[in-house]
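Here the structure comes first, spelled out in structure tokens, and everything after it is commentary.
The values are calculated or read from the model by the stated rules, or taken from the named source; none is laboratory data. Computed from a predicted model, the values in this text were never measured in an experiment. Counting neighbours? That spans all protein chains shown, and the Cβs are built from the backbone with ideal geometry, glycine included. Just so you know, the surface numbers come from the protein's heavy atoms only, side chains and all, with ligands and any DNA or RNA stripped out. Shrake-Rupley method; radii C 1.70, N 1.55, O 1.52, S 1.80 Å.
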Amino acid sequence: MSADCIFCKIAAGTIPSKMLYEDEDVIVFHDIRPLAKTHFLIVPKAHIETLKDCTVAHQSLLGKMMLLAAKLAAEQGLVGYKTMMNVGREGGQEVFHIHLHVFGGGAVA
Ligand code: 5GP
Ligand code: ZN
């Protein structure tokens, strides 16, 4: 938990979100500014700033996030979907708590 991290606050329930899924390791909620008809974020509860900080110790967590993307995309009725993880400021990352974007259903106009 990082005191000034927006995704830690969402995980702690102190900032509201449109929650899709939660377990002991991750939370999943809809993006506040969706770029597709369906756009949700898979977020570990642990505060990890960027994918570059991950080690082999995070291997199963990262795999779990990918498999969860497939499961939740299917539950949302998506036949196909895209995943994205922005890494570092130069990679387009704005929130420095790792998250996997899942997009489906076409771009929002
Ligand atoms: P990044 O550019 O870091 O990969 O993406 C951060 C994403 O988090 C953006 O798509 C942005 O819309 C989303 N986001 C930022 N703040 C909030 C928030 O308070 N609630 C939700 N649900 N999404 C947020
Ligand atoms: Zn955090």
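For this structure, a couple of remarks:
- Relative to the Cα centre, the charge distribution of the chain, modelled as +1 at Lys and Arg Cβ and -1 at Asp and Glu Cβ, gives a dipole magnitude of about 300 debye.
- Dipole of the stretch 6-104, positive end: most advanced residue of A36, V95, L61 [Cβ charges, Cα centre]: A36
- Beta bridge orientation in the stretch 6-104: antiparallel %, DSSP, nearest 5: 100
- Cα gyration tensor shape for the stretch 3-83, rounded if a/c is under 1.5, else prolate or oblate: oblate
- Cβ-defined net charge surrounding G106, 13 Å radius [Lys, Arg +1; Asp, Glu -1]: +2
- Accessible area per residue, Å², the chain with all protein chains present, probe 1.4 Å: 58
- Residues whose amide H lies under 5 Å from that of T50, counting only those 5 or more places away or on a different chain, are I98; hydrogens are built 1.01 Å from N in the peptide plane.
- Vicinal HN-Hα couplings computed from phi for the stretch 37-42 (Karplus, 6.51 cos²θ - 1.76 cosθ + 1.60; Hz; Gly/Pro x): 4, 10, 8, 10, 10, 9
- Nearby aspartates and glutamates by direct alpha-carbon distance to K64 (threshold 20 angstrom, same-chain neighbours under 8 apart not counted): E22, D23, E24, D25, D31, E49, D53, E75
- Using θ = phi - 60° and Karplus 6.51 cos²θ - 1.76 cosθ + 1.60, couplings along the stretch 15-31 (whole Hz; Gly, Pro as x): 10, x, 8, 8, 6, 10, 6, 8, 9, 5, 10, 9, 10, 9, 9, 6, 5
- Fraction of accessible area attributable to carbon and sulfur, the chain (%, probe 1.4 Å): 57
- Reachable lysines, given that their alpha-carbon falls under 16 Å from the alpha-carbon of K71 and they are not under 8 places away in the same chain: K82
- Using a cutoff of 8 angstrom between alpha carbon atoms and counting only pairs six or more residues apart, the relative contact order for the chain works out to 32 percent.
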